[in-house]
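Student: Sharing a structure with you now.
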Amino acid sequence: MNKLSKAQIIIVAGLVLYFAIMLSCSNRQQETSQTKLENHLIDSLIGINKINDKTILLSFGADAITAIKTQKGIVVIDAGISTGLSSKFRNKIEEEFQSDDFAYVVNTHSHPDHYGGNSVFHEAKIIGQKNGLEEISVQSVNPEKIQSRLLKIVKEYESNLKASVINTEEWYNAFTQKTRYYYALKDAEFQISIKQPELTFSDSLQIDMGDVSLDMIYFGKCHSNSDILIYIPELKLLFTGDLLFKYGRPSINDSLMQDKVKWKQAIVWIEKLMPNIETIISGHGVLLSAEDIQYFNSNILEKCSN
């Protein structure tokens, strides 16, 4: 998204005007009014992309989750970076589907920006690759360090926001990123517990949801220790997590280059599915093309040959 809509510009303008006026208000009034205005702006910036009759992709800047309505309940792919933003996503999903029957949340991998909102879907069972349990445990071992890192990121984006011109891509990116990490910081400060995967698998897992099925395979250690691919044949959908970016650029942690056997197996699996894949959704809501996947496969196979 490069520019805000007219309605969004009005909200932004109101927010800026508020900051000019609020100096005369009490601290409590300032906080309450600012929170309301920012919430209105955040809600207005949540995008909803209807992929098909059963699937919606929700995004707020780089935060994104997908919801699929099935005969056996709603399946959510990834849960965002925080409970604050994911609560807003959940409200939108319930409005769109006229249902609050959440059956599963599938984490494409165990990085905080993909499982931070798991607990918002409290009634759903969390699915993930088994290595993710250890990853989550390691990542949450030092709460003070996490808070310090998140606070530093928030302040950096606040500086970028102040230096940006409203209604520009730079301003939009700074605002959404500041908001994402601010909500994550609040979760850390209030020590919101992480709802960890309850249903885990080593290599593959299939879930029958009545009218659709989820086929999941472990890609191997690549972007993380727990990267999976999710294929929904009835909807011709493939979810790739953070394994690749546009133009097929692989997101590889060089320390994990040893898992080449599993990479090759996953590439063979993808190649067999390609004729029946129409939509490819990456981990942060970017829609990929068949060419992106083909470039990715080539790049991975090249690295496997080295």
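Student: Please state which of the following conditions Ser282 fails to meet, knowing it meets all the rest: (1) surrounded by 20 or more Cβ atoms within 10 Å (Cβ to Cβ); (2) touching a residue at least 60 places away in the same chain (Cβ under 8 Å).
Tutor: So the condition that Ser282 fails would be (2).
Student: How many of the residues in region 252-296 are over 17 Å from Ser226 (Cα atoms) and either aromatic (Phe, Trp, Tyr) or in a helix (DSSP H, G or I) (or both)?
Tutor: Narrowing region 252-296 to residues over 17 Å from Ser226 (Cα atoms): 268-281, 285-296.
Still in the list and also either aromatic (Phe, Trp, Tyr) or in a helix (DSSP H, G or I) (or both): 268-276, 290-296.
Result for region 252-296: 16.
Student: Let me ask something additional. Of all residues in region 220-248 being in a helix (DSSP H, G or I) and in contact with a strand residue (DSSP E or B) (Cβ under 8 Å, 6 or more places away or on another chain), which is surrounded by the most Cβ atoms within 10 Å (Cβ to Cβ)? Walk me through it before giving the result.
Tutor: Kept after step one, since they are in a helix (DSSP H, G or I), are these residues of region 220-248: 233-235, 246-248.
Filter once more, keeping what is in contact with a strand residue (DSSP E or B) (Cβ under 8 Å, 6 or more places away or on another chain): 233-235, 246.
On the way: Pro233: 14, Glu234: 14, Leu235: 20, Lys246: 13.
Taking the candidates together, the pick is Leu235.
Student: Which of (1) out of contact with any Phe, Trp or Tyr (no Cβ under 9 Å at 6 or more places or on another chain); (2) assigned to a loop (DSSP other than H, G, I, E, B) is the odd one out, the single condition Asn299 does not satisfy?
Tutor: (2)
Student: Which one is surrounded by the fewest Cβ atoms within 10 Å (Cβ to Cβ) among residues in region 87-99 that are charged (D, E, K, R) and touching a residue at least 12 places away in the same chain (Cβ under 8 Å)?
Tutor: Glu96
Student: Right, next: Scanning region 186-199 for residues that are of a type in the set (Asp, Glu) and outside the structural domain of Leu133 (by TED's automatic domain parsing), which turns out surrounded by the most Cβ atoms within 10 Å (Cβ to Cβ)?
Tutor: At the first step, the residues of region 186-199 found to be of a type in the set (Asp, Glu) are 187, 189, 198.
Cutting the leftovers down to outside the structural domain of Leu133 (by TED's automatic domain parsing) gives us 187, 189.
Values: Asp187: 22, Glu189: 13.
Filtering region 186-199 for residues that are of a type in the set (Asp, Glu) and outside the structural domain of Leu133 (by TED's automatic domain parsing), the one surrounded by the most Cβ atoms within 10 Å (Cβ to Cβ) comes out as Asp187.
Student: If the requirement is being in contact (Cβ under 8 Å) with a residue 40 or more places away in the chain and touching a Phe, Trp or Tyr at 6+ places or on another chain (Cβ under 9 Å), which of these qualifies: Ile42, Ile48, Ile68? Write out each step before concluding.
Tutor: Details: Ile48 fails: touching a Phe, Trp or Tyr at 6+ places or on another chain (Cβ under 9 Å); Ile68 fails: touching a Phe, Trp or Tyr at 6+ places or on another chain (Cβ under 9 Å).
Just one listed residue meets the conditions, Ile42.
Student: Also, quick follow-up: Go through (1) under 27 Å from Ile56 (Cβ atoms); (2) in the same structural domain as Phe121 (by TED's automatic domain parsing); (3) modelled with pLDDT of 95 or more; (4) not hydrophobic (A, V, I, L, M, F, W, C) and name the single condition Gln265 misses.
Tutor: Condition (1) is where Gln265 drops out.
Student: Let me ask another. Can you tell me which of Ser202, Ser251, Ser213 is surrounded by fewer than 17 Cβ atoms within 10 Å (Cβ to Cβ), assigned by TED's automatic domain parsing to the domain that holds Phe60 and either aliphatic (A, V, I, L, M) or farther than 28 Å from Lys69 by Cβ (or both)? Quick ask: steps written out before the conclusion?
Tutor: Numbers: Ser251 fails: surrounded by fewer than 17 Cβ atoms within 10 Å (Cβ to Cβ); Ser213 fails: either aliphatic (A, V, I, L, M) or farther than 28 Å from Lys69 by Cβ (or both).
It is Ser202.
Student: Just to verify a result, which residue in region 100-118, among those that are over 11 Å from Gly128 (Cβ atoms) and of a type in the set (A, V, I, L, M, F, W, C), is surrounded by the fewest Cβ atoms within 10 Å (Cβ to Cβ)?
Tutor: The extreme case among them is Ala103.
Student: From the list Ile51, Ile74, Ile93, exactly one residue is assigned by TED's automatic domain parsing to the domain that holds Gly220, at pLDDT 95 or above, over 10 Å from the mean Cα position of the chain (by Cα) and in a helix (DSSP H, G or I). Which is it? Walk me through it before giving the result.
Tutor: Details: Ile51 fails: in a helix (DSSP H, G or I); Ile74 fails: in a helix (DSSP H, G or I).
Going through Ile51, Ile74, Ile93 in turn, just one is assigned by TED's automatic domain parsing to the domain that holds Gly220, at pLDDT 95 or above, over 10 Å from the mean Cα position of the chain (by Cα) and in a helix (DSSP H, G or I): Ile93.
Student: Same structure, new question: Is region 173-182 home to any residue that is in a loop (DSSP other than H, G, I, E, B) and either in contact with a Leu (Cβ under 9 Å, 6 or more places away or on another chain) or without any contact (Cβ under 8 Å) to a residue 24 or more places away in the chain (or both)? Can you show your working first?
Tutor: Keep residues of region 173-182 that are in a loop (DSSP other than H, G, I, E, B), which gives none.
Checked region 173-182: no residue is in a loop (DSSP other than H, G, I, E, B) and either in contact with a Leu (Cβ under 9 Å, 6 or more places away or on another chain) or without any contact (Cβ under 8 Å) to a residue 24 or more places away in the chain (or both).
The values are calculated or read from the model by the stated rules, or taken from the named source; none is laboratory data. All values reported here derive from a predicted model rather than from experimental measurement. So basically every Cβ, Gly included, is an ideal-geometry build from the backbone, and we count neighbours across all protein chains shown.
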